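Working notes for the structure below.
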Amino acid sequence: MKWARIAFEGKIHAAEALDGKLKLADGRLIDGEDVVWLPPIQPRTVFALGLNYSDHASELSFQAPEEPLVFLKGPNTFIGHKGAVPRPHDVTYMHYECELAAVIGRQARNIRKEEASNYIKGYTIANDYAFRDYLENYYRPNLRVKNRDASTPIGPWLVDADDIPDPMNLQMKTFVNGKLTQEGSTKDMIFSIPYLIEYLSSFMTLNPGDVILTGTPKGTVDTAVGDEVVCEIEGIGQLKNTIAAKERKEDANAALYPGVHG
């Protein structure tokens, strides 16, 4: 099954995909164009992988890591399908990162990779934008690169794990304004999802609602205000967003305090 979280008629609903529509718990069928899409889950601890595809590492002139390069993301970063991602006015390079996201469904501690699939609730798509201007070290992405407000669309669906028989062999594509700019496969991950669950659970407890963003293949390009970016992963769907201009601090102050000049 495919599940979504939406805002409709002033309330937040869980919905399932049915015949091209959204089915609410009360049985109503509604059109996806009539709702506000929210992240399909409310993320708890979010782990993100850096350089988890060797071709992307090569693209950035780095060697592939020998151990997972993991950093954390705050809940402030996530927005839903069709949301707008703000581009700061001073940024010269802001690129998308199409990623398969694995959502934990059961508490996990010291889990062997052979058992890892039993602890996954489902999968969704994330677009983990990076702001390269602020990057201090590719091996240690800093807060301003990966934790900016509304910088990570996720969704639109959470697909049950049972409906994705082989998450390590899914085609991935990204389109910018309808043009294919990124193409790869989850089979090219350096560290597989089972490996990552074994690795993370060896030193900390994973809980339901935790999310693992598994990295992106090569093909990341700069995006501009007004661009529509579509991330597509086989068996899950398409995650769309647009790039919006972020209001300058001085413009925001002028709106709040008209006639006052500093």
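Explain nothing, just the number: relative contact order of the chain, from Cα pairs under 8 Å at least 6 residues apart, as a whole percent.
Relative contact order of the chain: 26 percent.
With only Lys, Arg, Asp and Glu charged, each at its Cβ (+1 for the first two, -1 for the last two), find how big the charge dipole of the chain is about the Cα centre; round to the nearest 20 debye.
It works out to roughly 580 debye.
Mean separation of Cα pairs under 8 Å and 6+ residues apart, divided by the residue count of the range 65-220: what relative contact order is that in percent?
34 percent.
Rolling a 1.4 Å sphere over the protein heavy atoms, what is the accessible area per residue of the chain, to the nearest Å²?
49
Could you give me the ³J(HN,Hα) list for the range 4-17, computed from phi with Karplus coefficients 6.51, -1.76, 1.60 and θ = phi - 60°, whole Hz, x at Gly and Pro?
My calculation for the range 4-17 gives 9, 10, 9, 10, 8, 6, x, 10, 9, 10, 8, 9, 10, 6 Hz in order.
Exposed loop sites here are chymotrypsin sites (Phe, Trp or Tyr not before Pro) in DSSP loop states with at most 15 other C-beta atoms within 10 Å. What is the longest stretch of the chain lacking them?
After excluding every exposed loop site, the longest remaining stretch is 140-202.
Between residue 44 and residue 133, what FRET efficiency comes out of the Förster formula 1/(1 + (r/R0)^6) with R0 = 30 Å and r the beta carbon distance, rounded to 0.05?
Given R0 = 30 Å and the Cβ-Cβ separation, E is 0.50.
What 222 nm value per residue comes from the helices of the chain, counting each DSSP H run with n ≥ 4 as -39,500 (n - 2.57) and dividing by all residues, nearest 500 deg cm²/dmol?
Rounded to the nearest 500, the figure is -2500 deg cm²/dmol.
Under the Karplus relation 6.51 cos²θ - 1.76 cosθ + 1.60, θ = phi - 60°, what is the ordered set of whole-Hz ³J(HN,Hα) values for the range 106-111, x standing for Gly and Pro?
Coupling constants for the range 106-111: 9, 4, 9, 8, 6, 8 Hz.
So what J values fall out for the range 161-167 if you push phi through Karplus, 6.51 cos²θ - 1.76 cosθ + 1.60 with θ = phi - 60°, rounded to Hz, Gly and Pro as x?
Per-residue couplings from phi come out as 4, 5, 8, 10, x, 9, x Hz.
Find, among the trypsin sites (Lys or Arg not before Pro) in the range 81-114, those assigned to loop by DSSP (not H, G, I, E, B) with at most 16 other beta-carbon atoms within 10 angstrom.
Sites meeting the loop and neighbour criteria: 106, 109, 112.
By its C-alpha gyration tensor, with a ≥ b ≥ c as the square roots of the eigenvalues, how is the range 1-109 shaped: rounded for a/c under 1.5, else prolate for a/b larger than b/c, else oblate?
Prolate, since a/c reaches 1.5 and a/b exceeds b/c.
With a 1.4 Å probe and all protein chains left in place, how much of the accessible area of the chain comes from carbon and sulfur atoms, in whole percent?
48
With an 8 Å Cα cut-off and a minimum separation of 6 or more residues, compute the relative contact order for the range 108-184 in percent.
Reported as a whole number, the value is 28 percent.
If you count only protein heavy atoms and use a 1.4 Å probe, how large is the accessible surface of residue 51, to the nearest 10 Å²?
For residue 51, the solvent-accessible surface is approximately 10 Å².
For a quick check, take a GNM of the chain with Cα springs below 10 Å and name the residue from 128, 90, 162 with the largest mean-square fluctuation.
Largest GNM mean-square fluctuation: 90.
Set Lys and Arg Cβ to +1 and Asp and Glu Cβ to -1, take the dipole of the chain about its Cα centre, and tell me which of 216, 1, 201 lies farthest positive.
Going by the charge dipole, the pick is 201.
The values are calculated or read from the model by the stated rules, or taken from the named source; none is laboratory data. None of these values were measured; they are calculated from a predicted model. We place every Cβ from the backbone using ideal geometry, glycine too, and count neighbours over all the protein chains shown. These accessible areas exclude ligands, DNA and RNA; they are computed on the full protein's heavy atoms, side chains included. Shrake-Rupley method; radii C 1.70, N 1.55, O 1.52, S 1.80 Å.
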